[in-house]
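See below for the structure under consideration.
No value in this document is a laboratory result; all are computed from the given coordinates. Source: prediction; values computed, not measured. Glycine also receives a Cβ, built like all others from the backbone with ideal geometry; neighbour counts cover every protein chain displayed.
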Amino acid sequence: MSSRVSLTRYLVEQQRLHALIPANLRLLLEVVARACKSICQAVNKGALGGVLGTAHSENVQGEIQKQLDIIANEVLIEANEWGGHLAAMASEEMDGIYVVPNRYPQGEYLLLFDPLDGSSNVDVNVSIGTIFSVLKKPEGSAGVSESDFLQPGRQQVAAGYCVYGPQTTLVLTVGDGVAVFTLDREQGSFTLTQENVQIPPDTHEFAINMSNMRHWDTPVKRYIDECLAGSDGPRGKDFNMRWIASMVADVHRILTRGGVFMYPWDKREPDKPGKLRLMYEANPMSWLVEQAGGAATDARTRILDIVPGKLHERVSVVLGSKNEVERITSYHARL
Ligand code: AHM
Ligand code: MG
């Protein structure tokens, strides 16, 4: 058992080796992990906890909130507000930023999260998860405001997700590769189960919501048509398709065995750049994927270079195995 590495030990040793995890960032990551354990318990109770179903409210994006969306959001806020490591938080489930109350010390970090991604899957018992991104509050700014959050994803200092599936798995990067921790339910602790995750550059698996096909832009349709043509088509090989409708679960599969995930702009809502949110969905996932040797673009440019204009900004997403992402991006460039 002595060879088991807990999340705490991993963070301490990474700081010793690479100096990327100062004490307050370690505290932040441990608190987020603890909050994920609480969310996991609420998710696991399901109908027994009386937590399934809608909350009969809408979030700022006009989406119907599930009871578990609200519970997960509260768990993350309550866990993080008192530690002195944060200046403010932002969430898919809150209109504006949540500034750490005056009764607690203010820290130097900003935390963004999607408390329960894929929550349309909650009631049907399919994997869902929590996505998070950590930024540093810009130096010299007095107080904290929404504009402090509007930094490109390449400035993240930590990012990760926790997937609540057959196993509960926390996946983390601080800019030195991707590490995976599995929740040991008996011990109640996250244990390191994989380091240096690598996404193979080539794949024969794609993930997209095919029901939107008639709304896609020409390059997206071309790419998928070529995949579907299989060994008889220009790609000369057969492709497989997966779509879980939980970004965490789809990205976790890609980190595990490769693949490409797309949620592109489409003609249903032409004024919106895409469905997924840049700051607490696309940015953390893009950094994880890049850290694992993959690539992530909005079909034209690197997602991590996009400077957000607002907190809940949406973006088109293409991420995963590098050669496929580059191919899809090049199809768009030729337009
Ligand atoms: P959510 O954050 O409200 O759960 O929405 C994001 C989810 C992603 O996890 C997933 O990739 C996508 O929405 C699925 O969308 P669709 O139902 O259009 O297939
Ligand atoms: Mg989401």
Could you name the lysines whose alpha carbon sits less than 20 Å from that of LYS37, not counting residues in the same chain fewer than 8 places away?
-> LYS45, LYS66
Helix-only [θ]222 nm of the chain, DSSP H runs n ≥ 4, -39500 (n - 2.57) each, per residue, nearest 500 = -9000 deg cm²/dmol
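Run through the range 74-150 and list the chymotrypsin sites (Phe, Trp or Tyr not before Pro) located in a DSSP loop whose Cβ has at most 16 other Cβ atoms within 10 Å.
Taking the range 74-150 and a limit of 16 other Cβ atoms within 10 Å, the loop chymotrypsin sites (Phe, Trp or Tyr not before Pro) found are TRP82.
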The size of the Cβ-based charge dipole (Lys, Arg +1; Asp, Glu -1) of the chain about the Cα centre, to the nearest 20 debye, is 480 debye
Check the range 205-333 and count each lysine pair with an alpha-carbon distance under 16 angstrom, considering only pairs eight or more places apart or from different chains.
-> 4
Full extension between ILE64 and VAL126 adds, at 0.36 nm per residue less the Cα distance, a length in nm of 20.5 nm
Given 5 Å bins starting at zero, what is the percent of C-alpha pairs of the range 15-70 in each, up to the one with the largest pair distance?
-> 4, 16, 16, 13, 14, 13, 9, 8, 6, 1
Please give the peptides 65-71, 326-332, 158-164 ranked by average Cβ packing (other Cβ atoms within 10 Å per residue), highest first, as a rough proxy for protection.
-> 158-164, 65-71, 326-332
If we sort 250-262, 136-148 on the protection proxy, mean other Cβ atoms within 10 Å, highest first, what's the order?
-> 250-262, 136-148
Positive end of the charge dipole of the range 237-335 (Lys, Arg +1 and Asp, Glu -1 on Cβ, about the Cα centre): tell me which of GLY294, TYR263, VAL307 has its Cα farthest that way.
-> TYR263
Using the alpha-carbon atoms, what tilt in degrees (0 to 90, nearest 10) does helix 218-229 show relative to the longest principal axis of the chain?
-> 70 degrees
Cys residues of the chain counted as unpaired, since no other Cys beta-carbon is under 4.7 Å = CYS40, CYS227
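So what is the relative contact order of the chain, in percent, for Cα pairs below 8 Å that sit 6 or more residues apart?
Relative contact order, the chain: 15 percent.
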Gyration tensor verdict on the range 7-194 (Cα atoms; rounded if a/c is under 1.5, prolate if a/b is larger than b/c, oblate otherwise) | oblate
Here the alpha-carbon Rg of the range 69-180 over 2.2 N^0.38 Å rounds to 1.11
How big is Rg to Rh over the range 205-333, alpha-carbon atoms, Rh as the Kirkwood inverse-mean-distance radius?
-> 0.94
Relative contact order (percent, whole number), the range 7-194, Cα cutoff 8 Å, 6+ residue spacing = 15 percent
Sorted by mean Cβ packing within 10 Å, highest first, what order do the peptides 314-323, 301-310, 49-58, 169-178 take?
-> 314-323, 169-178, 301-310, 49-58
Stokes-Einstein diffusion coefficient of the chain, Kirkwood radius over Cα pairs, 37 °C, 0.692 mPa s, in µm²/s | 162 µm²/s
